[in-house]
Amino acid sequence: MQRRLCYHRLIFQAFYRRFMATFTSLSQAGASILLLGAWGIGQELAAPPARPEPAELVRKTVQHEIQANGDGVHFMFRGTKTTPSGSTSKIYVETKDATAGMVIAYNGQPLTPEQRKAEEARIERFVTNPEELRKKQRQEREDAERTMRIVRAIPDAMLFEYAGEEHGSVGVGAPGGALVKLKFRPNPQYDPPTHVEQVLAGMQGDLLIDATRYRIARIDGTLFREVGFGWGILGHLDKGGHFLVQQQEIGENHWEISRISLDFTGKILLFKNLSIHSAEAYSDFKEVPSDLTFAQAVELLKKEGATVADKSTSGKLAGNGAHGLSRRAATASQPSSSLPER
């Protein structure tokens, strides 16, 4: 039986979800686009082992990322998404069925009793209505399949060269780990087999890899030219679009995405404007049982939501940046209704 891919774990997966959710909200025509998706500071960087060729290192790292994503280990964690219209904080729980998510704060303020009741009703519908949960599972599965296609294409679609080494830092790599920095640019010999991989032809930037653990710590990319999707029929992304994905080790060689930043403009169907500007930070990762069901996750989320409300009432929540409830990040707007249910 094929292992279920953890919805948040696979680097670029959350990236793809955010981008495609906005895209779908602007046009039902649709198109499959994926954007790839500090304790070491002050310490001496350990001498790296003999370095493999950049292309070999990237290929091995991509293979390891895909394998590690299906390790069956699940987590509960918090995420705060920020746009110019404000911030939304959620608690997420990975399960064997799908990933459950519940809003716990808007703009750093915990939900009112009425908002909490409505949010609990929203996530309970996946339990009371099996068809809703099946739809959610299909969406996550389709997203993961598209992600796999583009992740597997990276070693062939890009050319890489060494650009030095860096230390791991908070949210980036393993604490105190040595990271290899690579520059990447499109491979002119690569022919995208479908429109899913087309966006790779216009990207360049930097990649940080833990060459010991074969994990990606950061991807920082920019569109250096306009890129059409759907072979130009459905629209394009403007030159200058930027993305950032960071990943961190959270213990026991488990890695999770810590930050995602998107800044893109373009056109859909040649007349609808596309504008994606947001940032999302993830924190407070705690392992949960691997056999946890979605219904059990909903109950866990409700308990966590009640805890947040109790802390707010007692005045203990104010200024608690560790949970990301007041984190502010990027700037510009994204339709607030564009996110899929989680």
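The values are calculated or read from the model by the stated rules, or taken from the named source; none is laboratory data. Just so it is clear, the model here is predicted, and its values are computed rather than measured. FYI the Cβ positions are ideal-geometry reconstructions off the backbone, even for glycines, and counts take in every protein chain you see.
Values as computed for the structure displayed
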read-out: Qualifying residues in the range 165-181 (those that are in a strand (DSSP E or B) and out of contact with any Gly (no Cβ under 6 Å at 6 or more places or on another chain)) - the one farthest from residue 255 (Cα to Cα); value: 165
read-out: Matching residues in the range 184-218 - criterion: being over 30 Å from residue 253 (Cα atoms) and surrounded by fewer than 19 Cβ atoms within 10 Å (Cβ to Cβ); value: 186, 187, 188, 189, 190, 191, 192, 193, 194, 195, 201
read-out: Only one of 201, 174, 178 that is modelled with pLDDT of 90 or more and either of a type outside the set (Lys, Arg) or touching a strand residue (DSSP E or B) at 6+ places or on another chain (Cβ under 6 Å) (or both); value: 178
read-out: Among (1) buried (at least 22 other Cβ atoms within 10 Å of the Cβ); (2) in contact with a Gly (Cβ under 6 Å, 6 or more places away or on another chain); (3) of a type in the set (A, V, I, L, M, F, W, C) - the single one residue 257 does not satisfy; value: (2)
read-out: Residues of the range 204-241 classified as over 18 Å from residue 55 (Cβ atoms), in contact with an Asp or Glu (Cβ under 9 Å, 6 or more places away or on another chain), part of a strand (DSSP E or B) and modelled with pLDDT of 90 or more, total; value: 4
read-out: Single residue of 74, 64 found to be farther than 23 Å from residue 280 by Cα and in contact with a strand residue (DSSP E or B) (Cβ under 9 Å, 6 or more places away or on another chain); value: 64
read-out: Out of 80, 88, sole residue that is within 18 Å of the chain's Cα centre (by Cα), surrounded by 20 or more Cβ atoms within 10 Å (Cβ to Cβ) and assigned to a strand (DSSP E or B); value: 80
